[in-house]
Amino acid sequence: MEVVIVPDEGAAARLVAGAIEDLLGQAAHPVLGLATGSSPLPTYRELARRRGDPTHISVAHARAFLLDEYVGLPFDHPLTYRNVIRRDFALPVGFPDDRLDGPDGSVDALPGSPADYEQRIADAGGIDLQLLGIGTDGHIGFNEPGSSLASRTRLKTLTDVTRRDNARFFGGEIDAVPRHVITQGIGTILDSRHVVMIATGAAKADPVARAVEGPVMAMVPASALQLHPHATVVVDEAAAADLRLADYYREAWAHKPDWQGL
Ligand code: GLP
C-alpha cells in the first residue's frame, strides 16, 4: 500500500486526476470505477477543468462502473448514485451516459441484479482504476463493518452511523436515507487493478489510521486494501494526523522515481 500525504484536497484532486488521465491516455479500453460522496468531488471538478486544456485526453473510449447504489429510490430521484454521478462526473467531464453503468437499485430487479452487475464488470474486462472514499466507520463502498473481506456485489443494510452521515444529502432526515443498498463487495473491489482511496479532513484521521496501520479485519472494511498489490491512499494533512509512519510515507513519496507513476 502506498500512502501519499498532500497539503490539501486540491493537491489530492490534481494527483488523482493525473492518474486517471494517464490511464485514459495509455489504455485502449480504460475502465474506471467511480465513487460518490464528497471525497472524490474535487477530482471530478479537476477532470472537468482539464477539458479546456490543449493536452486534454478524451473520455469517449472509456467505460465506468459505479461502486454502489441505494435500493428503492425512484429512477429519476436526484439522489440515486447513478444520478449523482451523472450530475457531478459525467456531465461536467463529458463522459458518455451510455458508457456509465451502476447497480440496478430497483426493488423489482432483486435478487438477481447484484450478480448481473458483477457479470457486466467482468464482461468489460474488469476495472482498471477504482476510486474510493472511506466512511467514518471504515467502510468502503457500502461495505459496512462486519462485511466479508471476500464479499461480492450484494444487498447490504446500512448502519445507523452511515445513515446519519448521509442524512445531510436528504435534508438532514435520517428516515429519508434508504436502509438498503447494493454495493460492490470487498472481493469485487480487490479485483480492480489499481485502487485509489481519497480521504480528506480530520473526521477521516481515525478510520484512515485503522485502515492503513491497523490489523486487517472485517470490522474495518477499508483495511482489506492492505491485501491489494496496487493500492494508493491519498490523504491531506488532517486525514493523515493519526498515521504513525507519516514521516516515512512523506520520505518515500519525495524520493519516488517518476517512472513509477501513482
Ligand atoms: C458513502 C459512499 C462511500 C463513501 C462514503 C464517504 O457511504 N457509499 O463510497 O466513501 O459515503 O463519503 P464522503 O467522501 O462524503 O465522506
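Computed from the Cβ-Cβ distance with R0 of 22 Å, the FRET efficiency linking Arg164 to Asp116 stands at 0.10.
Build a GNM of the chain with springs between Cα atoms under 10 Å apart, and of Gln130, Gln184, Gln26 the one that fluctuates most is Gln26.
Distant-in-sequence amide contacts of Val220, defined by a placed amide H-H separation under 5 Å and a gap of 5 or more residues or a different chain, comprise Gly146. Net charge within 11 Å of Gly105 by Cβ-Cβ distance, Lys/Arg positive one each and Asp/Glu negative one each, not counting Gly105 itself? Taking every Cβ under 11 Å from that of Gly105, the sum is -3. In order along the stretch 68-85, the phi-based Karplus estimate (6.51 cos²θ - 1.76 cosθ + 1.60, θ = phi - 60°) of 3J(HN,Hα) comes to 7, 7, 6, 9, x, 6, x, 3, 9, 5, x, 9, 4, 5, 4, 6, 5, 5 Hz; Gly and Pro are listed as x.
Ligands, DNA and RNA are left out, and with a 1.4 angstrom probe the accessible area of the chain is 44 Å² per residue. Amide hydrogen proximity for Gln130: with H placed 1.01 Å from N in the peptide plane, the residues at 5 or more positions away or on another chain lying under 5 Å are Gly33, His194, Val195, Val196. Comparing Cα centroids, the stretch 18-63 and the stretch 70-89 end up 20 angstrom apart.
For the stretch 36-43, 3J(HN,Hα) computed residue by residue from phi via the Karplus equation (6.51, -1.76, 1.60; θ = phi - 60°) reads 9, x, 7, 4, x, 4, x, 5 Hz, glycine and proline entered as x. Once you sort the root eigenvalues of the Cα gyration tensor of the stretch 128-238 as a ≥ b ≥ c, which label holds: rounded (a/c under 1.5), prolate (a/b larger than b/c) or oblate (the other case)? Because a/c hits 1.5 or more and a/b fails to exceed b/c, the stretch 128-238 counts as oblate.
Sparsely packed loop sites in the stretch 60-92 (the chymotrypsin sites (Phe, Trp or Tyr not before Pro) outside DSSP H, G, I, E and B with at most 12 other Cβ atoms within 10 Å) comprise Phe75. When each of the peptides 4-16, 107-119 is scored by how many other beta carbons lie within 10 Å of its residues on average, the order from highest to lowest is 4-16, 107-119.
Computed over protein heavy atoms with a 1.4 Å probe, the carbon and sulfur contribution to the accessible area of the stretch 1-84 reaches 54%. Considering only C-alpha atoms, what is the centroid distance from the stretch 98-143 to the stretch 201-262, in Å? Taking the Cα centre of the stretch 201-262 as reference, the centre of the stretch 98-143 is 24 Å away. Put a plus charge on the Cβ of each Lys and Arg, a minus charge on the Cβ of each Asp and Glu, and nothing anywhere else: the dipole of the stretch 1-142 about its Cα centre is then about 480 debye. Projected label points at Met217 and Thr136, each 7 Å from Cα along the beta carbon direction, are separated by 2.1 nanometres. Computed on protein heavy atoms with a 1.4 Å probe, the accessible areas place Thr157, Thr43 in the order Thr157, Thr43, largest first. Just Phe169, Phe142, Phe95 to compare: in a GNM of the chain, with alpha carbon springs under 10 Å, which one fluctuates most? Looking only at Phe169, Phe142, Phe95, the largest GNM fluctuation is found for Phe169.
The values are calculated or read from the model by the stated rules, or taken from the named source; none is laboratory data. On a predicted model such as this, the values are computed, not experimentally measured, just so you know. When we count neighbours, we look across all protein chains shown, and the Cβ atoms used for this are built from the backbone with ideal geometry, even at glycine. These accessible areas exclude ligands, DNA and RNA; they are computed on the full protein's heavy atoms, side chains included. Shrake-Rupley method; radii C 1.70, N 1.55, O 1.52, S 1.80 Å.
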